[in-house]
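One structure is given here, and the rest of the page talks about it.
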């Protein structure tokens, strides 16, 4: 039996056997995912078993491949450092993921663990010192370590963020790992990378037995981050040409769909005034669900898109021409954007921001009261424009310089964003900046952010603002009535005088 087939089979078999045992331990340790009726909408408690299951299956599969063909690593015997660093980094990341699955770490704490894992991998021989783009060499110099860490952390988060539907991250991981293995084989690359990629593919196929919709086990952060770390590092290692430079186009093409999902999440959150760690239901899988793609059909759609980009990378390796990889990425992403399945709204946000920046560069400063406002519905169908009209009227009445409304209700599939700006000339140091939440049934469903020029006493200004916001609260109450699940409690706009948290106050 060829060592590659053996590695796949052992990875699959070990995952199938080990997963139920890991599930028992996870249930005992309370490493489970509980539905909350707001963002986590599955029906029952599900164990988060991905990290330990995949780690054990990969180790067993790689060991079986080496035992079957001892000289498989003869050409890369000097790369024991790579395997050692990868073992340590994966252990650290699985530990961080399990802590997050059990206790819920803050975004920056998870990021610190991811950076630590990436730094552990840096001395393993994958540091990107030189890259080739369409055959043109680029030397990174002092930025090589930063670029390498950025790539690995990005890969970790790309799989972590796409893990929101039963079987999706596992299916995506199978396609990506097989694509990496194929590129490595065609380029006659390093067998250690080939072994690990095939072991991961086998382990994920075995885990899919329990993770396929309807899932009995979830990957959890430990599993999804582990997939991202392994594939991110292997994609770099297997894209090295003549052990000197990384051909960046092919690994980027393999990762194109998850990278696009992460990029659009950052755009969506930053351009709507939220933290990049904020949660929403605007990811690729959420948008496809709203288009009617659910269960196995959703996995087929995303798997097909990843296969298109993966086959482009494989074709580039076979024909030694990176144009195939670029063409495959353009094809896959264009299908999403043109069909308005995903990415169209984020592109609109970027276009609007670019238009405003361009206009500000080429227009004279106005001292009048010209008004600019825009609104965009990212998800849902509810009439939030009525709430925005009420807020904008209050802003005009109060003479506010700037107002912003964001409504984000994941459980209802609603996401709405609007901004208003009075173009009269006001310097930044003259502005008060304040933000307060919209709270319904103890859930924060959005926020209002306002700015105004300093005038009078701060307390008088807040009291006047609160009076003008009363119609906004009444409109919110009316709009939320059809969406509320608990009839006993009214939605409220937290009074500015009590819970308003000024970002900056300069008089």
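The values are calculated or read from the model by the stated rules, or taken from the named source; none is laboratory data. These numbers come from a predicted model, not from an experiment. No Cβ is skipped: glycine too gets one built from the backbone with ideal geometry, and neighbour counts run over all protein chains shown.
Report yes if residue 36 is out of contact with any helix residue (DSSP H, G or I) (no Cβ under 7 Å at 6 or more places or on another chain), over 24 Å from residue 127 (Cβ atoms) and either modelled with pLDDT of 90 or more or part of a helix (DSSP H, G or I) (or both), otherwise no.
Against the criterion (out of contact with any helix residue (DSSP H, G or I) (no Cβ under 7 Å at 6 or more places or on another chain), over 24 Å from residue 127 (Cβ atoms) and either modelled with pLDDT of 90 or more or part of a helix (DSSP H, G or I) (or both)), residue 36 does not qualify.
For residue 470, indicate whether it is surrounded by fewer than 16 Cβ atoms within 10 Å (Cβ to Cβ), modelled with pLDDT of 75 or more and not assigned by TED's automatic domain parsing to the domain that holds residue 281.
yes
If you check residue 325 against the conditions, is it over 19 Å from residue 162 (Cβ atoms), buried (at least 21 other Cβ atoms within 10 Å of the Cβ) and modelled with pLDDT of 90 or more?
So residue 325 fits the description; yes.
I want to confirm something. Restricting to segment 129-165 and keeping residues that are assigned to a loop (DSSP other than H, G, I, E, B) and closer than 19 Å to residue 342 by Cβ, which single residue is farthest from the chain's Cα centre (by Cα)?
165
So which of 184, 90 ends up being under 21 Å from the mean Cα position of the chain (by Cα), part of a helix (DSSP H, G or I) and surrounded by 19 or more Cβ atoms within 10 Å (Cβ to Cβ)?
Just a single option satisfies the conditions, and that option is 90.
Collect the residues in segment 110-128 that are surrounded by fewer than 18 Cβ atoms within 10 Å (Cβ to Cβ) and part of a helix (DSSP H, G or I), keeping them in residue-number order.
Across segment 110-128, the qualifying residues are 111, 112, 115, 116, 119, 122, 123.
What tally of residues in segment 331-341 results from selecting those that are surrounded by 13 or more Cβ atoms within 10 Å (Cβ to Cβ) and without any contact (Cβ under 8 Å) to a residue 12 or more places away in the chain?
Residues that pass the stated criteria total 1.
Of all residues in segment 266-284, count the ones that are part of a helix (DSSP H, G or I), crowded, with 22+ Cβ neighbours inside 10 Å and out of contact with any strand residue (DSSP E or B) (no Cβ under 8 Å at 6 or more places or on another chain).
Residues meeting the conditions: 1.
Look through 147, 143 and report the one residue that is closer than 19 Å to residue 248 by Cα, modelled with pLDDT of 85 or more and out of contact with any helix residue (DSSP H, G or I) (no Cβ under 8 Å at 6 or more places or on another chain).
Testing whether each residue is closer than 19 Å to residue 248 by Cα, modelled with pLDDT of 85 or more and out of contact with any helix residue (DSSP H, G or I) (no Cβ under 8 Å at 6 or more places or on another chain) leaves just 147.
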